Each structure stands twice: as structure tokens, then as C-alpha cells.
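I have placed the structure first, in the form of C-alpha cells, so that the comments after it can refer back to it.
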Amino acid sequence: MQKLTPFLISSLLIFGVAACDNASKTSESAPNNPNEAPPSPTVQTTQASQKDAQSKVRRDQLNSDIRAREQRNNTTGGDAQRATGDLASEVRSKLEANIPKGQLTVDASKDGIVTVGGTVNNQQELAKIETLAKQIKGVKTVVVKATVTPPKQ
């Protein structure tokens, strides 16, 4: 039993670190890391992402998520110091709702720097990323590593 307890505790700690290291993704086909070279999305992937993001239920979920996090941060006075997971999640929700055809991955750091990687279908969507991300309280700088990659047939 004396050897089992430290093993279980260290296993939980390792699992916790691994679980907290995931970047937020706007779609299942988005790269796992904003620094990864994104693959070209297929037309079917793009249409599926758009259909999901534009459904009323999903848009309501995204907006509700953003409102709930903003209310929590306003209540706790956390406007200046946001958790990186909250920041990445809110930016991901904002991008998913407004750029439904994109396959984007969002990562955030403690100092308000948000990195967005992945693909979008056109230059207009790429130009929206920084503006949308900066609408979230706590975002100070946006690094856009996303590329324009039209869907392949």
C-alpha cells in the first residue's frame, strides 16, 4: 500500500498535466497545435464544420459559453488576469461561431497572447481572426499562423 499511493498520485498528476495541455479547436479536423502545418480540408469537412457551427443549437451553446465565462470573470474581478484555458476556449467559441468553415486551433498564454493556427477558406476569413479574437476580454496580442487553403474537391 505504501508503494501504491505515491504511484497513484503521480499518475494523476501526469494525467492532469497531459489533459491541460490540449489546445482549443474549432473543428475535429483542425490541427492539434497552432504551430502544426495544417492539411487541406476536403469539401465534405468544410461543409460539416459549417453545418455544425451554423446550427441554432450550436450557436446558442457558443454564445452561452462566452456569456457565462464573461459573467464569471466580471463577478470575480478576473478581467485583468484570465485563465489561459478560459481565454483559449472563449476565442475558439468566437471564431467557431463567426468563421464556421475554418479548421482552427487556438492556444493562449498567461500574458494575453493568443495564437491561432489552422486553415480558413479565403482571405476575408483570415482577416477576421485578429478582430474577433481581440473582442474577448484579456486578449492583448493575437498571433495568426492560420493559412488560406480552399477546400479540395
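Structure notes:
- Number of positions in the stretch 89-108 that are farther than 24 Å from residue 74 by Cα and open to solvent by less than 40 Å² (accessible area, probe 1.4 Å): 6
- Pick from the stretch 109-141, criterion open to solvent by less than 20 Å² (accessible area, probe 1.4 Å) and in a strand (DSSP E or B), ranking: nearest to residue 86 (Cα to Cα): 114
- Qualifying residue in the stretch 81-91 (condition: over 15 Å from residue 133 (Cβ atoms), assigned to a loop (DSSP other than H, G, I, E, B) and at pLDDT below 80): yes
The values are calculated or read from the model by the stated rules, or taken from the named source; none is laboratory data. Values in this document were obtained by computation on a predicted structure and should not be read as measured data. Neighbour counts are summed over all protein chains in view; Cβ atoms, including those assigned to glycine, are modelled from backbone coordinates with ideal geometry. Ligands, DNA and RNA are stripped out before the accessible areas are found, and what is left, the full protein with its side chains, is counted by its heavy atoms. Shrake-Rupley method; radii C 1.70, N 1.55, O 1.52, S 1.80 Å.
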